[in-house]
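Here's the structure we're looking at; comments come further down.
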Amino acid sequence: MPTEYVMLAVLILLALVNILWAGAARTRQYGSEWNMGARDEKMPPLHPFPARLLRAQANLFETLPLFVAALLGAAAAGHFGPLTHWGSIIYVAARIVYLPLYAAGVPKFRTLIFLVSLIGLLMVWAALLFG
C-alpha cells in the first residue's frame with residue numbers, strides 16, 4: 001500500500017481520537033446526561049482544556065478536507081511521487097504533534113507546527129497540480 005494511503009488512514013484515526021478526546025472532556029464537565037441528551041439547553045462556558053480540544057478539532061477539520069481532496073486528486077491523476085510521499089508524512093506528523101500541543105495550551109510553537117502541516121498539504125497540492 002502506498003505511504004500516502006497509510007497516512008490517510010492514520011489521519012482518519014487522528015481525527016477520531018480528537019473527536020473522542022474532545023467529547024470525553026466535555027462530558028467530564030457537563031455530565032453524561034448532557035452527552036446523551038438533545039443538547040438544547042444553554043450550558044456554561046467550557047473549561048480551558050475541553051475548549052482547547054474543540055478548537056484543535058475545528059482547526060484539523062479546516063485543513064483535513066483540503067488534504068484529502070489534494071491527495072485523492074493526485075492519486076486519480078497518477079501523480080503519486082516524492083511530493084505526495086513526503087507531503088503526506090509531513091502533514092500527518094505535524095497534525096499528530098499539533099493536537100497535544102494545543103491541548104496543553106502551548107502557544108507559538110503550536111503555530112509553527114501548524115505551518116509545517118501546511119507545508120505538507122501544499123506539497124501534496126503541488127503534486128496534484130504539477131505532477
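The values are calculated or read from the model by the stated rules, or taken from the named source; none is laboratory data. Keep in mind it's a predicted model, so treat the numbers as computed, not measured. Glycine gets a Cβ as well: all are built from the backbone with ideal geometry, and neighbour counts include every protein chain shown.
Observations on the model:
- Subset of region 34-44 [more than 19 Å from Trp21 (Cβ to Cβ) and of a type outside the set (A, V, I, L, M)]: Gly37, Asp40, Glu41, Lys42, Pro44
- Condition check for Ala74 on (1) more than 28 Å from Leu20 (Cβ to Cβ); (2) assigned to a helix (DSSP H, G or I); (3) touching a Pro at 6+ places or on another chain (Cβ under 9 Å): one failure, at (3).
- Taking each residue of region 58-75 that is in contact (Cβ under 8 Å) with a residue 40 or more places away in the chain and among the polar types (S, T, N, Q) and looking for partners that are in a helix (DSSP H, G or I) and surrounded by 15 or more Cβ atoms within 10 Å (Cβ to Cβ) with beta-carbon atoms closer than 7 Å, six or more apart or interchain, yields Thr63/Ser117; Thr63/Leu121.
- Cβ-Cβ under 7 Å pairs, at least 6 apart or on other chains, region 79-101 side farther than 24 Å from Ala22 by Cβ and polar (S, T, N, Q), far side buried (at least 23 other Cβ atoms within 10 Å of the Cβ) and at pLDDT below 95: none
- Subset of region 80-114 that is farther than 13 Å from Leu64 by Cα and of a type in the set (Lys, Arg) - its residue that is nearest to the chain's Cα centre (by Cα): Arg110
- Restricting attention to region 15-51, the residues being surrounded by 10 or more Cβ atoms within 10 Å (Cβ to Cβ), assigned to a helix (DSSP H, G or I), free of Cβ contacts under 8 Å to residues at least 40 places away in the same chain and among the small types (Gly, Ala, Ser) number 5.
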